[in-house]
Structures are given as structure tokens and as C-alpha cells.
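The block underneath contains the structure these notes are about, expressed in C-alpha cells.
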There are 2 protein chains.
Amino acid sequence: MRWKEAADQYCSIARALGVLGDRWTLLIMREAFSGVRRFDDFRQHLGVARNVLTDRLQRLVDAGVLERRAYQDNPPRHEYRLTEAGRDLNGVLLALMGWGDRWLTDGSGPPMQVVHRGCDQPITPALVCPDCGEPLTTRNTQLLAGPGLPVQTAKEREAEVERIRAQHAQSEQPSNTEA
Amino acid sequence: MRWKEAADQYCSIARALGVLGDRWTLLIMREAFSGVRRFDDFRQHLGVARNVLTDRLQRLVDAGVLERRAYQDNPPRHEYRLTEAGRDLNGVLLALMGWGDRWLTDGSGPPMQVVHRGCDQPITPALVCPDCGEPLTTRNTQLLAGPGLPVQTAKEREAEVERIRAQHAQSEQPSNTEA
DNA sequence: AGGGTTAGTTGCAAAACGAGACTAAATCGC
DNA sequence: GCGATTTAGTCTCGTTTTGCAACTAACCCT
């Protein structure tokens, strides 16, 4: 995959990563969420090289995640603001933060905490079924082909899943009572 | 930032991205979630270079997200399996997929759909407050310093947030009724 | 013995990145 | 009025990281 092809894949994760999937982009978004709008502030907070920052901001603007707008005319100066699509990345960032809190802690607790206005105390955001409110896990969810997946592709994937499932039989044999 | 420093930052997003934040890693995890365990299957599904895949798998094992275990002895062959930390990335991947579904669609609908066993119909996972069940947005949540953040760092950040908030006053002036 | 399978390693060329110098246009201090 | 400063970049160059293809290793099948 030569990375332009990300958008062509029949997978929203791949598409999303085509926009967001490099070392800096999601950190840039984190800064944007914390209110940063200006080139030099992004640069200093992150320590990212100028040319790289230029490139990433441009991509994010192209992807419709940030908006470049003038905040003064003389001399012309621009700032980068979250669009609605950008604001909608909230969930991705919270999910990442939660995972980091749970698995990459140094023992002193989370560096930052989410507070829900109204409840007014630290929470750990939960990913739930919008219908019944139950938390979603690997075991109680399933990924099925949607309308955006061509039938041919769906069939090929189904066959591949079958082939791989067959491998699992082999691995489970060595006296493993484990799931 | 020279990328070893990710783990040292007082930010769980940065820490998480220190493990997951490159072009391939989250795609590798997507494959792992779909049941893939073997080197050559990862390689063929993703089209990633062998040496890069070797490196990424090793990092994921070091990070405790995947586990490398033998599935046969003669010749020795290994497979890569999700650990509990790996399985817990479910939320991150679902968040990414949801965002991609909403903002990077080609008009034909989502390629894949989440089905909650029990409800048995396609859902869009929701990120909610675990206490009251209300959906979390940028506007009804707040990030505050947690116990893992040194007081000195917290103070510095507070001052910086203040400086940046001052910039916003300038931007809002040009006859913008917008929030 | 020859070919196939699986999980890599190695070497080399191409692309991406990092650091710092440099530019442009206007304002600030004096 | 003049040099320093601010902001948002661009340019250059040396280092890293990738991608690709060839090769290795250890075993199986026929």
C-alpha cells in the first residue's frame, strides 16, 4: 500500500488513518482541542520541525479537519481552527487517552482527567451501544459488511476469514484451556 | 521531540501514540482484531514491507499489546495474539471507524457495521458519561489536571492556556457572531 | 533431490524527517 | 528612522525510516 490508496480502501479505519495516521497528526489535533490555533504555538508545544508542521497542517486543512483563516490582514496572518469534523475527533482522542491511562501509566495515576459538566467529577468515558446502553467489548460486538462494501469484496473477505479461522484450530490444540 | 520521549510526556495521548502512532501499527491491530495472527497474513493483507512488519510486531510485543507464541515446534513457528491490553484497543478502533464513516464516506455508506449482540442491528457506538449515560462532546466535557501531573507542570500549562486564550480575543473580533 | 511454506534478515535506493538558516512584511522600542 | 522582534513560512542538507527484492533457515511433501 503506497498510502495514497488509503482513501480507496473499503475500511473506514484505513481511511481515517490515511488522514490521521502518522506520528504528529493526532498530537496536532490534541493541541487544537486544547485551544492552540497558531503555527508557532503548535511548533513549540510539540517540538515538530517547521516543514513537517507546514505539511501536516496543510493535509488537515485539505481533509477538512482544520480550517485556515486570517486573523489579521497587515501583515497577513492565519490560524488553524477545528472544523466540525475536527471537533468530532473528540471521541478518538478520548479513547486513546483512556487506553494510555489504563495501560501506560507510570503508577502515579492519569495526567489528565475528563470531567463531565453536570456530573462534575472525573469519569472514564464509556463506549456503549446507543440502543441499550450496554458497554461494547470485543466479545459482544461483531463487524458485518455494510452497504459501502462491494459484494465481490465481501465474498473475498469472507473466504479469507474462513481460511484464517482454520489456522486457529491448529493453535488451540496444544493443551490450551484458554480462550 | 525525538520519539523516545513519548513515554515521558505527561499526556496519555502522547504515550498511546508512542506505541500506536505510526502509519502501520493501528492497521496491524485492525488485522489482529479480525483474527489474523501470522506474519505472512499481516504482510499480505496490508502490503507492508517485511522488515517494517518485523519491527512493528516487535514493538507491539514489547509494549504488551501483542503476545508472540509458538504454534508449532518443528520448524519453530510463531504467531502474534492480542493480549488484554490489545483487546482493550477495541474502543480506539471503533472510534476511528466511526469517524471515518461519518467524514470520509464515498457516499455508498459504511463499508462495515458494528452489530451489538442482543440488539442485533447495526449501531453507531456512542461515547458517554458512565455515571449519567449522556453523550460526551467537546462542550460538555473538560480536561483537568489529574494526580499523575506534577504540580509544577500543571502550573506552567495553566499559564500557557491563559496566554493562548488571550489570542482568541483577537480572532473573535472581526464581526464574528460565531462560537 | 527439488519445490513449497513460514518467518524472518540483509542491502540498497528512495522518501520522509529534523535542525537550523533564511525570507517577508509589518510592528515595537527608542 | 533604524534595528530588533513577531509570525508564518521556505530552503538546504545531513540523518532516519521506508519499500523492495533477494536471500536464509528449517522443515515438509513427493
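The values are calculated or read from the model by the stated rules, or taken from the named source; none is laboratory data. Keep in mind it's a predicted model, so treat the numbers as computed, not measured. For neighbour counting, all protein chains shown are included, and Cβ atoms are generated from backbone atoms with ideal geometry for every residue, glycine included. Quick note on the areas: whole protein, heavy atoms, side chains included, nothing else; ligands and nucleic acids left out. Shrake-Rupley method; radii C 1.70, N 1.55, O 1.52, S 1.80 Å.
Filtering the range A:71-117 to residues that are more than 7 Å from chain B (Cβ to nearest Cβ) and within 12 Å of the chain's Cα centre (by Cα) leaves only A:86. Out of B:23, B:15, B:38, B:50, I need the residue that is over 24 Å from residue A:25 (Cα atoms) and either free of Cβ contacts under 8 Å to residues at least 40 places away in the same chain or among the polar types (S, T, N, Q) (or both). Which one? Criteria check complete, one pass: B:50. Within the set B:37, B:23, the sole residue that is closer than 29 Å to residue A:159 by Cα, part of a loop (DSSP other than H, G, I, E, B) and open to solvent by 40 Å² or more (accessible area, probe 1.4 Å) turns out to be B:23.
Taking the residues in the range A:34-61 that are within 12 Å of chain B (Cβ to nearest Cβ) and among the acidic types (Asp, Glu) as candidates, determine which candidate is nearest to DNA strand D (Cβ to nearest atom). Among those that are within 12 Å of chain B (Cβ to nearest Cβ) and among the acidic types (Asp, Glu), it is A:40.
Counting only strands (runs of 3 or more DSSP E) wholly contained in the range B:62-175, the ones carrying 2 or more residues that are open to solvent by less than 40 Å² (accessible area, probe 1.4 Å), closer than 25 Å to residue A:12 by Cβ and not basic (Lys, Arg) occupy B:77-82, B:112-116, B:126-128. Listed conditions (1) within 12 Å of DNA strand C (Cβ to nearest atom); (2) within 30 Å of residue A:85 (Cα to Cα) are all met by residue B:93, apart from (1).
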